[in-house]
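Structure record follows, encoded as structure tokens.
Every number here is computed from the coordinates shown, using simple stated rules; none is lab data. All values reported here derive from a predicted model rather than from experimental measurement. All Cβ positions, glycine included, derive from the backbone under ideal geometry; neighbour counts span all protein chains shown.
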Amino acid sequence: MSDQMWTSRQRLLAQASAFVIASVVVTTPAFAQEDSGEEASTMKLQTVTVTAQKRTENLQDVPASLQVLDGSQLAAQGVTNFEDYVALLPSVSFAGQGPGNSQVFMRGISSGGDGNKSGSSPSVAVYLDDQPVTTIGRVLDVHMYDISRVEAVAGPQGTLYGAGSQAGTLRIITNAPSSAGFESGYDLSVGTTKEGSESYSAEGFVNLPIGEKAALRIAGWHSKDGGYIDNVPATTTFTFGNITVDNAPFVEEDFNTEENTGARAALKIDLNENWTATAKVMHQNQKTNGVWDHDPEDIGDLEVARFFDDSGQDKFTQAGLSVEGKIGGLQLTYAGSYLDREVDYNVDYSAYAEYSAYIPYYTCYSSGTLDEATCTDPRIQYDSDDKYKTMTHELRIQNDESERLRFIAGLFYQDAEHDYLNVWHIPTIPANRSVNANSQLSGYPDDAYFITDQVRNEKETAIFGEVSFDFTEKLTGTFGARFFETDSDLKGAVGTLFSGSPLIDLSSGESGDVFKGNLSYNFTPDVLVYVTYSEGFRPGGNNRASTSNIPPVYMSDLITNYEAGWKTTFWDGRARWNGAIFNMDWDDIQITRFDPAESFLGLTANVGTARSRGIETDFSVLVSEGFQINGAASWIEAELTEDYIRNLSTQNVDAPAGTELPDIPKFKLALTGRYEFDFMGEDAFAQGSYRYVGERYNDLFVAARQKQDAYSIINVSTGIDRDTWGASLYVTNVADERAELNRNAATFDERITTNRPRTIGVSFYQRF
């Protein structure tokens with residue numbers, strides 16, 4: 001695309017949005033005049049309370065692009081995992097390959113979703129309550145039960161949230177203990193999937209007051225999602241050595257299953273009139289078998305051919321402590337956390353044996369030469385063992401939000417360690433061809449031909465703050481800044497039989513600052529508009545190797561955001577319409593790429609610039625008593641603004657300027673409608689949702705780039721909601737759509753991750 005500021009379609013959208021904003025501003029007083037003298041309607045949308053700016057505020061008073069899914073919405077939509085709630089957020093996209101195996105992006109900021117653990121940190125920060133749980137490689141897939149709300153803050157949040165909040169922040173807020181009274185309940189569901197097996201879940205919670213000043217809340221769950229992908233009988237013949245193998249020991253119908261078991265406990269204590277302490281701990285164990293990919297072109301719909309075991313386990317424990325209270329007119333808050341996560345998985349990597357010209361050196365090497373007559377079975381099993389440990393401390397001080405001059409200031413410290421061991425096995429290779437035959441390496445499995453065994457440690461120290469001042473009753477200005485220092489260490493080994501220098505011990509660090517400026521104006525109590533300038537960063541790190549084109553250290557990359565938005569409430573409080581128009585410039589992009597011509601390792605470099613522009617909007621309308629419609633949409637155009645050239649000596653263009661960034665749909669839409677009515681004396685409901693995700697590309701680079709088709713998903717449900725119990729019948733993916741959630745960019749193993757087929761089920765809940 002050319003460097004024109006906007007395409008004609010974007011101009012029309014921007015103009016239409018501006019026209020509607022102006023219309024609302026002009027007509028809102030008229031609405032008020034029309035209603036004067038008449039009894040005000042009792043029908044109003046519920047007030048949405050958020051803490052995205054580390055204050056408790058009304059959503060409509062926050063001058064930022066912020067989408068919220070409250071607990072009732074999450075429950076009504078049957079949201080249980082990461083992919084479920086992301087589908088409802090307009091500015092959020094993802095690349096996923098099954099439960100617990102996704103990378104998340106916001107506002108188009110993506111260079112690819114390979115999840116390379118030796119590459120860049122995520123560009124989106126994920127928080128569980130007040131604690132960051134962002135990890136490299138895979139988003140933490142928190143089971144969504146007993147959740148108060150999800151907040152998605154779009155755009156750079158560098159001043160308040162620091163590193164990782166480069167493109168935005170996702171916050172999962174759990175229900176807090178309450179001393180107001182005893183409460184408990186449970187939820188049950190069972191469903192069956194077309195061409196698949198059954199699924200079920202059992203969940204429960206209890207809120208237990210302990211005297212007048214303390215309360216304990218406990219939630220627990222166990223769920224199983226049945227499979228719908230078949231691993232079918234197949235044979236393959238490897239060209240070098242002419243060896244034919246079959247997958248008979250691994251053939252299985254509906255082999256992609258997931259089980260999730262976990263619990264969460266929180267204890268809140270009122271220490272005195274001014275101080276409160278809350279301790280929380282959560283443990284979750286997610287087990288998977290099989291893959292969520294299929295090969296409809298070469299094998300069949302919902303079918304794959306796998307030649308080794310595919311399985312995984314993702315378990316974590318997160319503990320947090322928050323203490324908050326008042327000293328005079330100031331509020332002091334401490335938030336500390338510790339995350340211990342371990343991810344183990346096994347993957348069939350056999351397709352690589354045919355693609356790689358180097359595998360024969362391990363399986364066909366005899367008496368110093370390559371001999372096809374001596375070749376052994378070259379099938380490959382990939383094992384990964386990841387251990388994450390993250391400790392954070394944050395101390396904040398702020399004054400009352402009613403003051404004309406408001407401030408918040410804080411100190412932040414994070415120490416994150418990522419210990420990962422990746423082993424590629426060929427069970428048939430002799431010991432003298434394994435990694436252990438390298439004199440600098442030892443102690444690895446006898447059939448390992450390649451290993452990555454490293455510890456990655458990253459620290460961030462920061463001082464941050466924001467100051468807001470009400471210039472008039474309607475005009476408010478905010479200025480924010482964050483001054484940070486990061487340190488990164490990488491130690492360990494990357495090796496094969498042939499690697500000459502596998503030992504690694506690298507350190508790097510940098511310091512810098514990011515800023516934010518905001519002006520907001522309240523035309524009326526129900527109409528707010530704002531403009532924002534904000535910056536966000538992602539820390540740099542160390543490469544496992546370097547080349548003539550790629551240095552051993554890569555630095556932080558920076559996003560500069562320009563944004564204009566609106567918050568409106570009208571129709572006597574029965575309608576809300578919010579949105580934002582943004583332009584973000586992305587400089588010194590960290591791009592991680594595996595290029596055999598450059599290196600046998602995936603390496604990261606600061607290369608090039610990009611831009612993301614778009615419109616995001618959401619609305620809620622209470623059409624009548626018991627009938628509400630919610631919607632959210634985004635239009636994002638994200639592209640390189642200069643040619644990407646990896647090899648500077650050849651000057652070959654790997655991705656030209658104008659190339660769309662991967663995994664980003666231009667258009668995304670989510671609509672939900674719920675009608676509550678009386679049915680034979682019972683409170684009944686009927687609900688439907690429609691989700692659309694537009695076309696997008698699976699990779700940045702021309703050589704591997706493929707288009708992923710757009711898809712639409714329709715869900716419906718109906719049931720009864722009484723005071724203490726309810727039951728429902730639901731159908732998800734009514735049209736039995738095959739969505740392309742991810743298309744593997746690896747040329748040797750092109751598979752498509754798809755969604756669950758049509759599923760019919762029933763659910764029941766009871767409250768005490």
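The alpha carbons of segment 558-663 give a radius of gyration and a Dmax of 20.7, 68 Å, in that order.
From the square roots a ≥ b ≥ c of the eigenvalues of the alpha-carbon gyration tensor of segment 139-251, which class results: rounded (a/c under 1.5), prolate (a/b over b/c), or oblate? Oblate. As I understand it, the value is the acute angle between the Cα axis of helix 8-35 and the longest principal axis of the Cα atoms of the chain; what does it come to in degrees, rounded to 10? Taking the Cα atoms of the chain, the angle to 8-35 is about 20 degrees.
The modelled label-to-label distance for the pair Ser712/Ser72, using points 7 Å beyond Cα in the direction of Cβ, is 2.9 nm.
Only Cα sites of segment 236-356 enter the Debye sum here, all with the same form factor; the resulting log10 I(q)/I(0) across q = 0.18 1/Å is -1.00, listed in q order. When restricted to Cα atoms, segment 181-306 yields an Rg and a Dmax of 23.6, 79 Å, respectively. The GluC sites (Glu not before Pro) of segment 248-348 meeting both criteria, a DSSP state outside H, G, I, E and B (loop) and at most 11 other C-beta atoms within 10 angstrom of the site's C-beta, are Glu273, Glu297.
The modelled label-to-label distance between Leu395 and Asp513, using points 7 Å beyond Cα along the C-beta direction, is 2.2 nm.
Kirkwood radius for segment 492-582, taken over all pairs of different Cα atoms as the inverse mean of 1/r, rounds to 17.8 Å.
A Förster radius of 35 Å combined with the Cβ-Cβ distance from Thr49 to Val190 puts the calculated FRET efficiency at roughly 0.55. Please state the shape class of segment 401-524: rounded when a/c is under 1.5, otherwise prolate if a/b exceeds b/c and oblate if not, all from the C-alpha gyration tensor. Note, shape of segment 401-524 comes out prolate. The distance from the alpha carbon centre of segment 609-623 to that of segment 494-516 is 38 Å, rounded to a whole number. Mean silhouette area of the chain, derived from the convex hull of its C-alpha atoms and averaged over all directions, reads 34.4 nm². How many angstrom separate the Cα center of segment 72-141 from the Cα center of segment 414-442? So the two Cα centres are separated by 30 Å. Counting other C-beta atoms within 10 Å, and keeping those with at most 16, which DSSP coil GluC sites (Glu not before Pro) do you find in segment 444-518? When the GluC sites (Glu not before Pro) of segment 444-518 are filtered for loop state and at most 16 Cβ neighbours within 10 Å, Glu473 remain.
Here the mean projected area of the convex hull built on the C-alpha positions of segment 639-768 is 11.7 nm².
If you take the Cα centroid of segment 264-343 and the Cα centroid of segment 642-679, the two points sit 27 Å apart. In the structure shown, the pairs Lys567/Lys668; Lys516/Lys707; Lys474/Lys516; Lys117/Lys516; Lys387/Lys668; Lys474/Lys567 are assessed against 25 Å; a Cα-Cα span above that value is assigned to Lys516/Lys707; Lys117/Lys516; Lys387/Lys668. Say a paramagnetic label sat at a point 7 Å from the Cα of Lys491, along Cα to Cβ; which residues of segment 448-463 have their backbone N under 15 Å from it? Correct set: 453-459. Ignoring aspartates and glutamates fewer than eight residues from Lys491 along the same chain, the ones with Cα atoms less than 17 angstrom from its Cα are Asp385, Asp386, Asp415, Glu417, Asp419, Asp453, Glu458, Asp505. For Lys315 and Glu682, a Förster radius of 35 Å and the Cβ-Cβ distance give a FRET efficiency of 0.25, rounded to the nearest 0.05.
Based on DSSP H segments of at least four residues, each scored -39500 (n - 2.57), the chain has a per-residue ellipticity at 222 nm of -2000 deg cm²/dmol. A cut-off of 5 Å between modelled amide H atoms, ignoring neighbours fewer than 5 places along the same chain, links Asn274 with no other residue.
For segment 213-333, the tally of Lys pairs with Cα-Cα distances below 14 Å comes to 4, considering only residues 8 or more apart or on different chains. Apply 1/(1 + (r/R0)^6) to the Cβ-Cβ distance of Leu503 and Phe407, taking R0 = 51 Å, and write down the FRET efficiency to the nearest 0.05. About 0.55, to the nearest 0.05. Across segment 139-185, the volume of the C-alpha convex hull divided among the residues equals 101 Å³ per residue. Using a simple spin-label model with pseudo-atoms 7 Å out from Cα toward Cβ, Asp736 and Val531 lie 5.4 nm apart. Here segment 297-413 has an Rg and Dmax of 27.7, 84 Å, counting Cα atoms alone.
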